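Beneath this line is the structure, given in structure tokens, with notes to follow.
Throughout, read-outs are computed from the coordinates displayed, never taken from laboratory work. The shown structure was predicted, so the numbers you read here are calculated from the model rather than taken from an experiment. So basically every Cβ, Gly included, is an ideal-geometry build from the backbone, and we count neighbours across all protein chains shown.
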There are 2 protein chains.
Amino acid sequence: MPNPVLVEVTRGKIVESRHRGAVAVVDADGATALAFGDVGVPVFPRSAIKALQALVLVESGAADRFGFGAEELALACASHGGEPGHVAGVERMLRAAKLDPSSLVCGAHWPLHQPSAHALARAGGTASALHNNCSGKHAGFLCAACAMGVEPQGYAEPDHAVQRAVKAALEDLSGAALADQNRGIDGCSVPTWAMPLASLARAFARFASGNGLGPKRAAVAQRLREACAAKPWFVAGTGRFCSEIMGHFGARVFVKTGAEGVFCGALPELGLGIAIKCDDGQGRAAEATMAAVIERLLPLADQDRSFVERYVRPQLRNWRGTVVGEVRAVLRPTASIGRS
Amino acid sequence: MPNPVLVEVTRGKIVESRHRGAVAVVDADGATALAFGDVGVPVFPRSAIKALQALVLVESGAADRFGFGAEELALACASHGGEPGHVAGVERMLRAAKLDPSSLVCGAHWPLHQPSAHALARAGGTASALHNNCSGKHAGFLCAACAMGVEPQGYAEPDHAVQRAVKAALEDLSGAALADQNRGIDGCSVPTWAMPLASLARAFARFASGNGLGPKRAAVAQRLREACAAKPWFVAGTGRFCSEIMGHFGARVFVKTGAEGVFCGALPELGLGIAIKCDDGQGRAAEATMAAVIERLLPLADQDRSFVERYVRPQLRNWRGTVVGEVRAVLRPTASIGRS
């Protein structure tokens, strides 16, 4: 059975487009708080698990050795917009480890933040690996390699010590065995392992609560959550969903987008992890769905509700600024609700 | 019943994302040559019908009065990339009618062609209505208003003479009545009317063949098709699907993309019109599906087949250029095949 429609996009009085997908919200033991669609099919988590990949940066001792604060840790968890402050932060991380941008294998692209891209062009600059939205994560991997005393080169390969440590952490948090046949290559060239959406949500429940983790790992998870809550702009950038949501809710909500319609999140006070996959890979649908899940599960004051509602039903404006329709999360339940 | 999966997107050995949608291929009488999914639900055709909107530019006498050749007519049918040649062509159209860019109500955006956007920024320029991908269509509307002897101002309003003429042409070609409750506002502020996909395909069958049209309108349709076949770069731009496909096939294939996963096309030698709507609005899926429809229906030489195959199953590369997966049209038939 196809996954349910999670989001509708309207124009005038008509639903113009629809997004199907699946949602898993579970606790650290894997008990289901909310589920839509098939949460058992393996999905690539992509950039939505950068905060879990960043565990290795702290656990390797690199974060302390290089004196990284909340900004650097948030950048390691980030899909940033390539704004000047993001780029400067990544440069700082590399310098701390006596590395330079040529060590980054994420590939070059122009800043995703359009005004920063245009400013870069105006200044005669061009796209570099530092502008790649994943450069903070890559800098974190490089720093981890240095702290682990292994050769940084090849840090993106599946058999490198850093990626093996990342894989072990993902298996510990998710409870899922990550098989070679479920491994793909991410947009930034590191391995990405597909896992069931329910397992992905469980990983974030453990990240949110520390439940089911050893005390050291639980403390590192908390340190990363606190860094993102303290410096949300470094996790995404100006006007972006992840930064806006964490900027509003602080440590109450952790959210992180990934390519191809993936979104992960954590609600620490409820001990819940969230994983969303929009079947067709569209971020707008995963974003509205994440907002709807937050609205549905988190106790909200009136101003919280009106804030989050803007993301549950964002207006669509055309190039002249006229409202032409809206994106609206519908979250229709299916028979799969309540399944664990 | 949901529409079938038209396109799968893979990463490694896994299908990462899926796109559902509907396809209608019909002749000028509305007889079905190929159908997938529900072709009876009204969909907004968006920019995919610019060539039909451009009928009014020629029929009003404007194209002859202002001496427009293939480039200007192709621009009127275009969603262009805002490359310098596109912008210069639109400026030429406006100058011919003694108008300037301030008459355009499409709204400003940066060139969709990224190198042109960066070059514009480097030169100290900024986004303008001329760079808007719809500026050629808008210039055409303005020129039509001048030739019709009506006030150009307000040309984007549903009750303006130009838009009423457009609506009448759309109803003539599609055979569908365009109701007010099915009217939305397009991204560039002109009216867009939702109609069944089968009706949209029929409009393009008539546009392709002239069958079912009066002789004058049939000749204008042919003139527009020939202009796009002669100057395909003006319909989209460097490296873009519409320009590449028409550049290869010339007058044998007309294709035009629209926002939210719509694609229309015409195969004149078969007298067929094509209309595709990807449910979730993603262009990559509509594009691969269009390529698959062409591959399936058009008699192809070996070099045509290998050319079009690149669009039926385009490779996905990451930022470093590594092949990480593919987009592949699957066009699985459903029970709706053969329905008219």
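Inter-copy label distances for A:G239: 2.4 nm (label point placed 7 Å from Cα along Cα→Cβ; shortest first).
For B:L272, the amide hydrogen comes within under 5 Å of the amide hydrogens of B:L267, counting only partners 5 or more places away or on other chains and with H modelled in the peptide plane. For segment A:44-60, 3J(HN,Hα) computed residue by residue from phi via the Karplus equation (6.51, -1.76, 1.60; θ = phi - 60°) reads 6, x, 6, 6, 5, 9, 4, 5, 6, 4, 6, 3, 5, 4, 7, 5, 6 Hz, glycine and proline entered as x. A simple charge model with +1 on the Cβ of Lys and Arg, -1 on the Cβ of Asp and Glu and nothing else charged puts the dipole of segment A:148-191 at about 60 debye relative to its Cα centre. With label points defined 7 Å past Cα in the direction of Cβ, position A:R122 shows copy-to-copy spacings of 1.6 nm, given to one decimal and shortest first. Comparing B:G212, B:G237, B:G261 in a Gaussian network model of chain B (Cα springs below 10 Å), the most mobile by mean-square fluctuation is B:G212. Note on chain B: with a GNM built from Cα contacts shorter than 10 Å, the maximum mean-square fluctuation among B:I185, B:I274, B:I245 falls on B:I185. Quick check on my link table: of A:K98/A:K167; B:K167/B:K256; B:K216/B:K277, which ones sit more than 24 Å apart, alpha carbon to alpha carbon? Checking Cα-Cα distances, A:K98/A:K167; B:K216/B:K277 exceed 24 Å. Once C-alpha pairs closer than 8 Å and six or more residues apart are averaged by separation and normalised to the residue number of segment B:235-340, the relative contact order reads 16 percent.
Relative to its residue count, the protein assembly as shown spans a Cα convex hull of 144 Å³ per residue.
Given +1 at the Cβ of Lys and Arg, -1 at the Cβ of Asp and Glu and no other charges, the dipole of segment B:89-179 around its Cα centre is 340 debye to the nearest 20.
Amide H contacts of B:V43: B:M195, B:L197, each under 5 Å away and 5 or more positions distant or on a separate chain (H built 1.01 Å from N in the peptide plane; Pro and chain starts excluded). Label point of A:G61 (7 Å along Cα→beta-carbon): distances to the other copies' equivalent points are 8.7 nm, sorted ascending.
Take every Cα pair under 8 Å whose residues are at least 6 apart in sequence, average their separation, divide by the length of segment B:1-111, and the relative contact order is 15 percent. Positive-end ranking of A:G271, A:A292, A:A251 along the dipole of segment A:248-294, with charges on Cβ about the Cα centre, is headed by A:A251.
Under a 5 Å amide H cut-off, with hydrogens placed 1.01 Å from N, B:A259 pairs with B:S47, B:A48 among residues at least 5 apart or on other chains. The phi-based Karplus calculation (6.51 cos²θ - 1.76 cosθ + 1.60; θ = phi - 60°) puts the 3J(HN,Hα) values of segment B:118-130 at 5, 5, 4, 5, 4, 7, x, x, 8, 4, 9, 4, 4 Hz, whole numbers, x for Gly and Pro.
Shown for chain B: cysteine residues without a partner Cβ closer than 4.7 Å, namely B:C77, B:C143, B:C146, B:C228, B:C242, B:C264, B:C278. Evaluated with a Cβ-only charge set (Lys, Arg +1; Asp, Glu -1), segment A:266-311 carries a dipole of roughly 60 debye about its Cα centre, given to the nearest 20. Helical content alone sets the calculated 222 nm signal of chain B at -11500 deg cm²/dmol, taking -39,500 (n - 2.57) per DSSP H segment of four or more residues and averaging over every residue.
The residues neighbouring B:S128, those whose beta-carbon lies less than 15 Å from its own, together hold a net charge of -2 under the Lys/Arg +1, Asp/Glu -1 convention.
When chain A is treated as a Gaussian network with alpha carbon springs shorter than 10 Å, the biggest mean-square fluctuation among A:V190, A:V87, A:V150 belongs to A:V150.
Quote the relative contact order of chain A in percent (integer), defining contacts as alpha-carbon pairs under 8 Å separated by 6+ residues. Relative contact order comes out at 26 percent. Taking a sphere under 13 Å around the Cβ of A:V308 and counting the other residues whose Cβ falls inside, with K and R at +1 and D and E at -1, yields a net charge of -1. Going by Cα centres, segment B:229-300 and segment B:85-132 are how many Å apart? Segment B:229-300 and segment B:85-132 have Cα centres spaced 25 Å from each other. If you take every DSSP beta bridge fully contained in chain A, what fraction is antiparallel? Give it as a percent rounded to 5. Counting DSSP beta bridges with both partners in chain A, the antiparallel share is about 100 percent.
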